[in-house]
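Take a look at the structure set out below.
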Amino acid sequence: VLDSLVSAGTINADQETAIVNAMPQRPANDQGKHGPRDHKNPLDSLVTAGTITSDQETAIQNSIQTARQSGTNTNMKTVLDSLVSAGTINADQETAIVNAMPQRQEDNGLKTALDKLVTAGTITQAQEDAILAK
């Protein structure tokens, strides 16, 4: 994500390095399917447990992606509420999904780290906003 912002001229390479260094680090054994900073999809465990079906998992992921792409509210509860209303999942499944999802604490500290870089003058508020929008 940051490389694309450097390429676009939104931030420079030094700012990219400062952002990476300011980000909270995950343990080395925290290896997701796309690299050391990605978490395994928590919905997979719900499919394995039989709480939701594979088709429901796909519908949830598609709804989240559609909401992000359209710039609408990507709050998980809002997305899931719409799936309950549509009959794709039921209320019990919605509760299980919400409970299975890792709780985001300011994007795992990303916003806090970026706020500190803005305060220090390393990046601008506009640059922070562009990073968080990615």
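Worth pointing out:
- Evaluating Thr74 against the criteria (1) touching a helix residue (DSSP H, G or I) at 6+ places or on another chain (Cβ under 6 Å); (2) assigned to a helix (DSSP H, G or I); (3) at pLDDT below 80 leaves one unmet condition, (2).
- Considering residues of region 99-134 that are hydrophobic (A, V, I, L, M, F, W, C), at pLDDT 75 or above and open to solvent by less than 50 Å² (accessible area, probe 1.4 Å) only, the residue nearest to Ile52 (Cα to Cα): Ile131
- Residue match in region 31-54 (condition: at pLDDT 75 or above, exposed (fewer than 13 other Cβ atoms within 10 Å of the Cβ), polar (S, T, N, Q) and closer than 18 Å to Leu132 by Cα): no
The values are calculated or read from the model by the stated rules, or taken from the named source; none is laboratory data. Because the structure is predicted, anything quoted here is derived from the model rather than measured. Note: ideal-geometry Cβ built from the backbone for every residue, glycine included; neighbour counts use all protein chains shown. Areas reflect the complete protein model, heavy atoms only, side chains present, ligands, DNA and RNA absent. Shrake-Rupley method; radii C 1.70, N 1.55, O 1.52, S 1.80 Å.
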